[in-house]
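Contents: one structure, followed by commentary.
The values are calculated or read from the model by the stated rules, or taken from the named source; none is laboratory data. Remember, it's a predicted structure, so these values are computed and weren't measured experimentally. Here the Cβ positions follow ideal geometry from the backbone for every residue, glycine too, while neighbour counts run over all protein chains shown. Surface areas here come from the heavy atoms of the whole protein model, side chains and all, with no ligands, DNA or RNA. Shrake-Rupley method; radii C 1.70, N 1.55, O 1.52, S 1.80 Å.
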Amino acid sequence: MAHIYDTIILGGGPAGLSAALYAGRGKLDTLLIEKGSYGGQVATTYEVDNYPGADIGITGPELSDKMRKQAEAFGTKFMKTEVLSVDLSGKVKKVVTKAGEIEGKTVIIATGATPRTIGFKGEDDLRGRGVSYCATCDADFFTDLEIAVIGGGDSAIQEALYLTKFGSKVTIIHRRQGFRAAQYLVDKARANEKIEFLLDTVVEEAYEAGGVLSGLKVRNVLTGEVSDFKVDGVFVFVGYEPISALFKGQVDMNTFGEIRTDAYMRTNLPGVFAAGDIRETTIRQVITAAADGAVAAVSCEKYLEEE
Ligand code: NAP
C-alpha cells in the first residue's frame, strides 16, 4: 500500500517551514514540498529587521536557512519538486508532483505569492535585461549605474534603500504622493542622499538600446505630461499575487485568488489548511506567515486526533 503522510505541506517559505517545525514537534509524519528555494520571498529579501529574536542585520537567505534547519531537526522530510495538480476532496488527499503521486491525510497550503507585474510596454520583453523584480538577485548588475524603483509599499522603499549600496542614484517612482510603506522606511529613504522621488508618476514604457534597458517613458498623472527618464535598471515592487491556481475550484478563495480560512487556518475542505501570504489576510510579514504555519500545524494535529 502507498505511504500516506499525516500531513503534506506545500511551500517552503516562512509559513511552510514554521508548519513543518510544529508538525515535526507534534510527531506528525510530515513531508514538505518546495519547487524553488527555501524561504520563499524572504530568500530574496536583503535584510530582515523585524523578526523577533533574529540577529540585527540578518539576511533573508540566512534566516531562511535557519528556519529550514530547525524544521529538519524535528523530523520533517523535504522534497524538491513541482506540484502539477491536487485532489483535496477525499479523505486521503492526492498531490501529483513531477516526482510522482503523494498521499496525505491532511494538506497545508503555504504556496505564498509572486511579484505582481505592471504591464507597461516593454516590461516583459526587457525582463532580465534591465527590468527586475528581485534586488538581492540583480542589484550587482547596476553597480555605479542609475536605477529606478517602482512602488510605494514596504518592499519598494526597503529595496530602494538596499539598491543605494550599488547604484549611483536610485529614483523611487510612485503613482501618488502618499506611501503605503511604514513611515520609518519613508523617513530613512528621504534622508538618503542617493534617493530621489518621482511622485504622481506612472511608467508607460521601457525602451532599449543595444538590447538592454536604456530609459522609461513616464507620465505625470496630474498634468498628463509624458517625458523620458534615462535609467539603466528598473526594479518593480508593486505587490504580490497569490500562487493559488492549482487550488481553484476546490478550495474557497476570494476574487484575488487568496484562500479563505478561519482563525484555525481551516479552509472549506476538511483536512485542508492554508497559511501565510496565500491566505486572505491583512498583514503579510514573516512573523505573521510563521504564526499562521504554527496554527495550521496544530489544527492539523487536532483534526487527525478527531478523525
Ligand atoms: P503593497 O504594500 O501592496 O504596496 C504596493 C505598492 O505598489 C503600493 O504603493 C501601490 O500603490 C503600488 N502599485 C500597485 N499597483 C501598481 C501599479 N499597477 N502601478 C504602479 N504602482 C502600483 O506591496 P509590497 O510593498 O510588496 O508589500 C506586500 C506586503 O509585504 C505588505 O503587507 C508589506 O507590509 C509586506 N512587507 C513588509 C516588509 C517589512 O516589514 N519590512 C517588507 C516588504 C514587504 P498605491 O499605494 O497607490 O496603491
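Some notes on this structure:
- Selection of chymotrypsin sites (Phe, Trp or Tyr not before Pro), the stretch 216-270, meeting DSSP coil and at most 14 other Cβ within 10 Å: Phe256, Tyr264
- Karplus 3J(HN,Hα) series, Hz, for the stretch 70-76 with 6.51 cos²θ - 1.76 cosθ + 1.60 (x for Gly, Pro): 5, 5, 5, 5, 9, x, 5
- Cysteines, the chain, no other Cys beta-carbon under 4.7 Å: Cys300
- Among the listed pairs Lys35/Lys169; Lys27/Lys98; Lys35/Lys217; Lys27/Lys69; Lys93/Lys248; Lys35/Lys77, those beyond 25 Å (Cα-Cα): Lys35/Lys169; Lys27/Lys98; Lys35/Lys217
- When the P(r) is computed for the stretch 1-102, the part past 22 Å accounts for 33% of the Cα-Cα pairs.
- When the solvent-accessible area of the chain is split by element, carbon and sulfur atoms take up 50 percent of it, the probe being 1.4 Å.
- Probe 1.4 Å, accessible area per residue of the stretch 184-307, Å²: 51 Å²
- Of all aspartates and glutamates in the structure, the ones whose alpha carbon falls short of 15 Å from that of Lys165, not counting any fewer than 8 places away in one chain, are Glu47, Asp138, Asp140, Asp144, Glu146, Glu193, Glu196.
- Taking the average, over residues, of other Cβ atoms within 10 Å as the packing measure, peptides 85-98, 294-307 rank 294-307, 85-98 from highest down.
- Note that the stretch 99-107 has calculated 3J(HN,Hα) couplings of 9, x, 8, 10, 10, x, 6, 9, 9 Hz, one per residue in order, obtained from phi through the Karplus relation 6.51 cos²θ - 1.76 cosθ + 1.60 (θ = phi - 60°); glycine and proline are x.
- Principal axis dimensions, the chain - Cα atoms, whole angstrom, descending: 65, 40, 34
- Treating r as the C-beta distance of Lys66 and Asp200 and R0 as 35 Å, the FRET efficiency rounds to 0.25.
- Among beta bridges identified by DSSP and lying wholly in the chain, the antiparallel ones come to about 45 percent.
- Between the amide H of Ile150 and those of Ile173, Phe235, Val236, Phe237, distances stay under 5 Å, these residues lying 5 or more places away or on another chain, with hydrogens modeled in the peptide plane.
- Cα-based reach from Lys302 at 16 Å (exclusive), listing aspartates and glutamates while leaving out same-chain residues under 8 positions away: Asp6, Asp29, Asp262, Asp292
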